[in-house]
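Here the structure comes first, spelled out in structure tokens, and everything after it is commentary.
Taken together, the values in this text are just the output of simple stated rules run on the coordinates, not laboratory data. Bear in mind that the values here come from a model prediction, so they are computed numbers and not experimental data. Note that each Cβ is placed from the backbone with ideal geometry, even for glycine, and that neighbours are counted across all protein chains shown.
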Amino acid sequence: MRKLWINGEFVDGAGGGRQAINPATEEIIGEYAQGGNQQVEQAVQAAKEAFPSWRRIPAGERAAMLHEVARLLRENREKLAMELSLETGRSIRKNRGYVDWSAECFDYYAELGRHYRGRVIPSPEASQLSLVLKVPLGVVAAIIPWNYPLLLLVWKLAPALAAGNTVVIKPASYTTWVSLGYQELFAHLPPGVVNIVSGPGAQVGEYLVKHPDVRMVAFTGSTEVGQQIMRLAADDMKHIHLELGGKDPLIVCADCELEEAMRAAVWAGFLNAGQVCTSVERVYVDQEVFDLFLDGVVDLTNKLVLGPGTDPESEVTPMIRPSEREKVADQVRKAQSAGATIHTGGRIPPSKSKGFFYEPTVLSGVTEDMLVMREETFGPVLPVVPVENFEEALSRSNQSQYGLGATLFTRDPKKVKLYMEEIEAGNVWVNDPLIDNLAGPFGGMKRSGIGRELGQEGFEEFFETKHVHWEIDGGVKPWWFPWDE
Ligand code: NDP
């Protein structure tokens with residue numbers, strides 16, 4: 001049974017053992033220990049005690065330890081990718097890439113941490129020195145969703161550690177087994193710098209968020225839980241960083257490369273069975289090319305291969321659990337009864353007696369008031385909507401409570417300029433959806449979150465900023481006394 005990792009040691013959980021399930025086969029793949037509040041106490045205490053020396057480690061030494069994490073990620077690539085596929089169901093080919101990317105992320109922040117500086121700013125007097133100082137926050141809680149259990153952890157962990165913080169990780173319940181295997185990546189770090197505590201979010205996660213010694217909560221997950229975390233963090237004024245749900249639009253203009261737009265829509269709609277925060281979930285297509293586009297997308301969707309992520313040939317992998325699949329199926333059913341047309345999919349594939357598969361689904365005839373157009377659909381569903389022109393598509397794209405990502409397909413630079421300035425999304429893609437860059441900030445607007453991950457911006461989140469005024473010459477200053485002058 002995989003155990004918790006606290007203060008550099010394996011620890012039993014207070015909550016007994018749990019079984020990890022492969023969503024593609026429903027088979028048990030392993031067992032893991034479930035933590036409780038007591039383990040949160042131990043982990044936060046360990047992180048708190050490790051913080052004073054970790055923050056003081058010379059930048060070069062800390063960078064070397066983080067590069068070692070990157071090396072270990074690369075060394076364990078195949079094992080990690082396979083375990084990720086077993087527990088999430090997602091593609092082994094993609095998972096290999098995510099392990100590589102995680103390693104790059106550690107290398108990137110190791111170097112950023114080594115070179116990062118505050119700054120000296122002008123002072124009114126020659127005898128004064130004014131500095132902007134960046135210092136680590138202390139104990140950071142990293143709360144992770146199940147859909148990218150490694151990558152989304154690394155996006156928090158690498159910058160948090162490079163900034164000099166210590167971390168308590170709370171993985172998602174569905175992906176605890178793989179996450180409790182990460183300790184081998186951190187065993188060379190001083191004890192307490194990284195701790196992993198499993199347990200139910202509503203209990204262990206909340207207890208961690210509320211813990212008075214936690215200075216920052218870095219969270220990726222649903223908007224609902226993000227809102228709760230914001231409330232829980234309010235009492236102690238903790239720093240929060242929230243990466244939440246989305247309802248990303250894709251705008252297809254009549255002047256674009258239509259074949260490419262079709263392929264992109266299918267890829268970005270059905271990757272990881274649509275269980276990606278930046279999945280395309282609404283497609284607005286110029287009416288001039290709407291029929292052509294819809295036919296093309298349905299054709300491509302019908303050719304997709306459904307299967308387990310462990311099979312490199314699989315293109316659409318299973319959903320994580322029947323309960324999550326049911327939420328998606330319910331949105332599709334409601335859309336259909338309100339007048340939407342299902343062109344393909346909309347059901348559990350009859351060929352799959354095992355696994356939590358749902359057929360990739362293409363809808364038309366949807367209206368903005370339907371759940372499938374308003375709420376996040378965390379599954380393989382692509383509603384396609386005709387619009388009169390680009391302006392209408394832009395305006396409808398922005399009529400959402402979410403603002404995570406958006407994609408535009410066009411060849412017209414004037415449209416691109418207007419779109420990149422006015423689209424209400426933190427991640428703005430042109431002719432190529434879902435592409436992130438380690439050095440570029442990632443995050444959402446509106447109900448999609450607060451703060452940014454990756455890049456310089458993602459590093460800044462993990463510091464406290466101080467202004468230092470230093471009077472170098474001693475002596476009583478004329479402006480101290482008397483008060484009335
Ligand atoms: P959840 O919000 O259900 O859970 C996320 C994490 O929070 C889990 O570790 C969960 O633990 C924990 N948690 C749950 N309740 C609480 C609580 N009250 N206090 C503290 N922690 C809690 O999200 P999912 O895991 O279902 O992930 C899917 C969601 O994540 C989607 O909405 C998706 O859009 C979003 N997401 C956003 C991304 C972004 O970058 N913007 C990227 C990827 C996903 P447990 O599992 O034990 O319940």
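For the pair Leu131 and Glu257, label points projected 7 Å from Cα toward Cβ lie 5.2 nm apart. 3J(HN,Hα) couplings calculated from phi for the stretch 444-460 with the Karplus curve 6.51 cos²θ - 1.76 cosθ + 1.60 (θ = phi - 60°) are, in sequence order, x, 9, 6, 7, 8, x, 9, x, 9, 10, 6, x, 4, 4, x, 7, 4 Hz; Gly and Pro show x. Highest mean first, the peptides 101-113, 264-276, 296-308 sorted by other C-beta atoms within 10 Å per residue fall in the order 264-276, 101-113, 296-308. Net charge dipole, the stretch 248-430: roughly 740 debye, given to the nearest 20, about the Cα centre with Cβ charges of +1 for Lys and Arg and -1 for Asp and Glu.
Calculate, for Arg411 and Trp480, the FRET efficiency according to 1/(1 + (r/R0)^6) with r their C-beta to C-beta distance and R0 56 Å; round to the nearest 0.05. Numbers along the way, then the final one.
Numbers: r = 66 Å, r/R0 = 1.18.
Efficiency computed from Cβ-Cβ geometry: 0.25.
For the stretch 397-453, a/c is not less than 1.5, where a ≥ b ≥ c are the root eigenvalues of the C-alpha gyration tensor, and a/b does not top b/c. That puts it in the oblate class.
Residue ranges 363-375, 48-60 sort as 363-375, 48-60 when ordered by packing (mean number of other C-beta atoms within 10 Å per residue, highest first).
Close amide-amide hydrogen proximity is noted between Val381 and Thr361, each under 5 Å apart and 5 or more residues distant or on a separate chain (H modeled in the peptide plane; Pro and chain starts excluded).
Could you calculate the FRET efficiency of Phe10 with Glu391 from 1/(1 + (r/R0)^6), where r is the beta carbon distance between them and R0 is 56 Å, rounded to 0.05? Here the calculated transfer efficiency is 0.45. Extending 7 Å from Cα along the Cβ direction at Met237 and again at Glu313 yields two label points whose distance is 6.1 nm. Take every DSSP beta bridge whose two residues both sit in the stretch 248-430; close to 15 percent of them are antiparallel.
Across the stretch 191-206, coupling constants 3J(HN,Hα) worked out from phi with the 6.51/-1.76/1.60 Karplus curve, θ = phi - 60°, read x, x, 5, 10, 10, 10, 10, 8, x, x, x, 5, 10, 5, x, 5 Hz, and Gly and Pro carry x. Under a model in which nothing but the beta-carbon of Lys, Arg (+1) and Asp, Glu (-1) is charged, the chain shows a dipole of about 1100 debye around its Cα centre. Proximity of backbone amide H atoms, modeled 1.01 Å from N, is registered between Ile21 and Ile29 at under 5 Å, excluding neighbours fewer than 5 places apart on the same chain.
Which of rounded, prolate or oblate describes the chain when judged by the alpha-carbon gyration tensor and an a/c cut-off of 1.5? All intermediate terms of the calculation are to be shown ahead of the outcome.
Numbers: a/c = 2.16, a/b = 1.39, b/c = 1.56.
Oblate is the answer for the chain, as a/c is 1.5 or above yet b/c matches or exceeds a/b.
Taking the stretch 413-446 and a reference point 7 angstrom along Cα→Cβ of Met230, the backbone N atoms nearer than 11 Å belong to 445-446. Ranked by the mean number of other Cβ atoms within 10 Å per residue, highest first, peptides 278-291, 141-154 order as 141-154, 278-291.
3J(HN,Hα) along the stretch 423-439: 5, 8, 8, x, 10, 10, 10, 10, 6, 5, x, 6, 9, 9, 9, 3, 8 Hz, from the Karplus curve 6.51 cos²θ - 1.76 cosθ + 1.60 with θ = phi - 60°, whole Hz, x for Gly and Pro. Amide H to amide H distances under 5 Å link Gly192 with Asn7, Gly8, where only residues 5 or more positions off or on other chains count and H is placed in the peptide plane.
Rounded, prolate or oblate: which fits the stretch 248-430 when a ≥ b ≥ c are the square roots of the eigenvalues of the alpha-carbon gyration tensor, with rounded for a/c under 1.5 and prolate only if a/b beats b/c? Here the stretch 248-430 falls in the prolate category. Put +1 on the Cβ of each Lys and Arg and -1 on the Cβ of each Asp and Glu in the chain; which of Ser198, Tyr109, Gln401 then has its Cα farthest toward the positive end of the dipole? It is Ser198, whose Cα lies furthest towards the positive end.
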